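We did not get these values from a lab; they are worked out from the coordinates using the rules stated. Only a predicted model underlies this, so the values are computations on that prediction, with no experimental measurement involved. Heads up, the Cβs are rebuilt from the backbone with ideal geometry, glycines too, and the neighbour counts pull from every protein chain shown.
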Amino acid sequence: MATINVDEVTREDLKTYCKKQGITQGDFVKYTLAYFRKSGINPADPPESVKEEIAKVEKRVSQLIGFQKTFERDNLLPLLEALTKTEGKIDQHFSTLPEMLSNTLKEVTAMSKLTANLEQAINRTLRNLFDQFGQKQETIVRQYKDLTEKVDIIMEHGAAVGMTGNSIIDRHRKQNK
């Protein structure tokens with residue numbers, strides 16, 4: 001360590017202090033320098049009173065606590081109340097959810113049965129209509145064939161004056177036998 005110029009009383013005081021703390025004088029200088037750098041205190045301009053500095057710190061802590069209480073009262077507590085109410089509403093809605101789902105399932109089942117019944121009724125009605133149309137269609141086709149045969153016979157034999165339709169048909173049948 002380089003020599004540091006201090007008066008004899010300070011040198012003796014430093015020796016005694018370092019011995020009591022179990023550190024060297026060089027370590028003392030190193031630790032002291034680190035302390036002053038970290039704390040931002042100027043050793044040439046020390047505070048007037050440690051009590052005053054502690055009172056300033058206590059005042060700042062009180063201001064900080066006051067801010068925290070105000071923030072808690074104005075912001076956190078209303079937020080907590082709102083969250084609690086919302087949680088209650090959510091719990092209430094979720095507690096009724098199984099019943100609502102059950103009712104919905106019952107309604108869907110009932111609608112499904114009604115839809116199936118309606119579908120069956122429509123199918124029956126359509127089947128009846130197709131059956132009726134089919135029977136009428138057969139009658140119409142048969143009548144059309146009969147009429148076509150008669151027209152063919154008339155066209156084949158000519159529409160003789162004075163001849164009735166039955167006599168032409170009879171004559172045609174005799175010829176085809």
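Summing +1 for each Lys or Arg and -1 for each Asp or Glu among the other residues whose beta-carbon sits under 14 angstrom from that of Ile23 gives +3. Peptides 15-26, 34-45 ranked from most to least packed, by the mean per-residue count of other Cβ atoms within 10 Å: 15-26, 34-45. Using R0 = 30 Å, the C-beta based FRET efficiency linking Gln21 and Val61 works out to 0.50. Report D for the chain in µm² per second (integer): Stokes-Einstein, Kirkwood Rh on Cα pairs, 4 °C, 1.567 mPa s. Rounded to a whole number, D works out at 42 µm²/s. Highest mobility in the GNM of the chain, judged by mean-square fluctuation with C-alpha springs under 10 Å and restricted to Leu118, Leu14, Leu97, is found for Leu14. Note on the chain: GNM, Cα springs under 10 Å; of Pro47, Pro78, Pro98, the largest mean-square fluctuation is that of Pro47.
Here the 3J(HN,Hα) profile of segment 35-52, calculated from phi with Karplus coefficients 6.51, -1.76 and 1.60 at θ = phi - 60°, is 4, 5, 5, 5, 7, x, 8, 8, x, 6, 10, x, x, 4, 9, 5, 4, 5 Hz, Gly and Pro shown as x. For the cross-link pairs Lys30/Lys56; Lys89/Lys113; Lys59/Lys85; Lys19/Lys56, the ones whose C-alpha atoms lie over 31 Å apart are Lys89/Lys113; Lys59/Lys85; Lys19/Lys56. Here segment 57-76 and segment 90-131 have alpha carbon centers that stand 62 Å from each other.
According to the calculation over all Cα-Cα pairs in segment 1-46, the P(r) per 10 Å bin from zero is 24, 50, 27 %.
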